[in-house]
Amino acid sequence: MRLTTITAAVTLVAGVAVAETVAPGDVQFTEYGEVTQSLTGQPGDAERGKTVFSSRSKGNCVACHAVAQLADVPFHGEVGPELTWTGEVRSAEELRGIVANAKMMFEGTVMPAFYKTTGFTRPGDGYTGKAAAGDLAPILTAQEIEDVVAFLLTLQEG
Amino acid sequence: MKFKALTAVAALLAAPLAYAGGPDDDTLVVNEEVEMATKVAAPAHMSDTGIDTIMSGWHFRTDETQSLQMDDFENPSMIFVDQAVDYFETVDGTEGKSCASCHESVEEFAGLSATMPKMIDGKLTTMEDLLNSHRAEAMGAEPWKWSSAEMQALVALIGLQSRGMPMNVAIDGDAAPYWEQGKEMYYTRYGQLELSCANCHEENYGNFIRADHLSQGQINGFPTYRLKQAKLISRHNRFRGCIRDTRGETFAEGSDEFRALELYVASRGNGLSVETPAVRQ
């Protein structure tokens, strides 16, 4: 028994050590649109996730979602639901899936996919209005997705 | 937990009421005399859109911005319109003619803008097209750039002659294929953000997206004076900006695609008063 535990622990550590970033095309979604596996094997940083959530050049999530805990960030949008309680109602797996590609959970949703690089109509080169030059990068990196998920999990009332 | 979840749901339900702006109920009267039809029943072709009332973008702006459009002395577009009045009488091009050489007054174009764009000689024609072909053929003058100050000032001056008249673009006959093309574009989810015109202006008008209060994206007030840019903005320039903001590759101003989109978007405003030149944030 003891031995098994140790082996398991070793395997876990090894798993983390060799874990590689999951490429956008390789993300596995469950039938409900969850992503169970971390995209980086590294824990997310909620503080950085908060910046990703708020900043115009990153996730700009606040453009569509209001969050009571971000009272210092001006202008919260209302295209998507308020997320003040999302850490109580959603699991990390659900949230990772929603941020990576919300269309897997909410068919046809207005919410953009933040970890996707193909299948677009007339993709541009950022916000220049010009055609994308070569391969697109996802809007957020794998670690930024993990960070924003960590931030979302902190959104609990009281 | 159960109790908490319930509170959360209740608060969620209440939240939109606290935030939502929606369109306001004000009435647009210009110069205390011309009352505009700014909310009217949607045209029949919109029966499957879920929108039963079409609304001017004026209803989604702040009181301050709204008031600028209610008085021509305060409307900053009028400086440009006045320049266009001068231009109308200025000789230009190799033929030694001005518009006024052949057209007694700009007032003779009353009603025209309400029907534009329209099919002329088998071609879908916008006001900009009409003016440029006219400059070339009747005056021997160089074409203007689509969104140049001169072009948009004259488009605004001619539009002003139809102010208060209902938008009424034709979508049948030989216009039908262009209208279909424009409609398809309206529902295409462009760019890396995969957003269509309809995602913002049909499904979410009345909602805020960051600091912007989404309207129905109507063009009955174009060219509009944008306070942010301090000049008259063409319809195609606005379309370009909206597609660019989807992280998409946009189309060129004056492209056939934008002509088709203009026809379709104009037709979603059929029945609204022409408000040219409107004022926006």
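The values are calculated or read from the model by the stated rules, or taken from the named source; none is laboratory data. Keep in mind it's a predicted model, so treat the numbers as computed, not measured. Quick reminder, even Gly has a Cβ in these numbers, built from the backbone with ideal geometry, and neighbours come from all protein chains shown. Note: accessible area is taken over every heavy atom of the protein model, side chains too, but ligands, DNA and RNA are not part of it. Shrake-Rupley method; radii C 1.70, N 1.55, O 1.52, S 1.80 Å.
Of the residues B:VAL30, B:VAL91, B:VAL81, the one that moves most in a GNM of chain B with alpha-carbon contacts below 10 Å is B:VAL91. For the stretch B:61-143, applying the loop criterion from DSSP together with a ceiling of 14 other beta carbons within 10 Å to the GluC sites (Glu not before Pro) yields B:GLU74, B:GLU89, B:GLU95, B:GLU104. Taking 50 Å² as the minimum loss, tell me which residues in the stretch B:237-262 lose that much accessible area going from the chain by itself to the full protein complex (1.4 Å probe). At a threshold of 50 Å² (probe 1.4 Å), the residues of the stretch B:237-262 that become less exposed are B:ARG244, B:ARG247, B:GLU249. Of the residues B:ALA176, B:ALA211, B:ALA136, the one that moves most in a GNM of chain B with alpha-carbon contacts below 10 Å is B:ALA211. The residues of the stretch B:78-160 expose, per residue, 49 Å² of accessible area to a 1.4 Å probe. For A:THR117, put the label point 7 Å out on the Cα→Cβ axis and report which residues of the stretch A:41-65 keep their amide N under 20 Å from it. Residues passing the 20 Å test: A:41-42, A:58-59. To put it simply, the accessible area of the protein assembly as shown at a 1.4 Å probe is 56 percent carbon and sulfur. Computed from the C-beta positions of B:TYR87 and A:THR36, the FRET efficiency with R₀ = 51 Å rounds to 0.15. Structure remark: mean-square fluctuation, Gaussian network model of chain B, C-alpha springs under 10 Å; the largest value among B:GLU253, B:GLU142, B:GLU202 belongs to B:GLU142.
Could you state how much accessible area is buried at the B-A interface, both sides summed, with a 1.4 Å probe, in Å² to the nearest 100? Write out the running numbers ahead of the final one.
Details: alone 14300 and 10090 Å², together 21090 Å².
Chains B and A together bury approximately 3300 Å².
Computed as a quarter of the hull surface, the mean projected area of the alpha carbon convex hull for the protein assembly as shown stands at 26.0 nm².
At 1.4 Å probe size, with every protein chain present, just tell me what the per residue accessible area of chain A comes to in Å².
Heavy-atom accessible area per residue stands at 53 Å².
From Cα pairs below 8 angstrom and at least 6 apart in sequence, can you work out the relative contact order of chain B, rounded to a whole percent? Normalised by residue count, the contact order of chain B is 26 percent. Longest span of chain A, sites excluded, free of GluC sites (Glu not before Pro) in DSSP loop with at most 12 other C-beta atoms within 10 Å? With a cap of 12 other Cβ atoms within 10 Å, the longest stretch comes to A:32-106. The alpha-carbon of B:LYS118 sits under 17 angstrom from the alpha-carbons of these aspartates and glutamates, leaving out residues fewer than 8 places away in its chain: B:GLU128, B:ASP129, B:ASP172, B:ASP174, B:GLU180, B:ASP256, B:GLU257, B:GLU262.
Built from the Cα atoms of the stretch B:78-160, the convex hull projects on average onto 5.2 nm², one quarter of its surface area.
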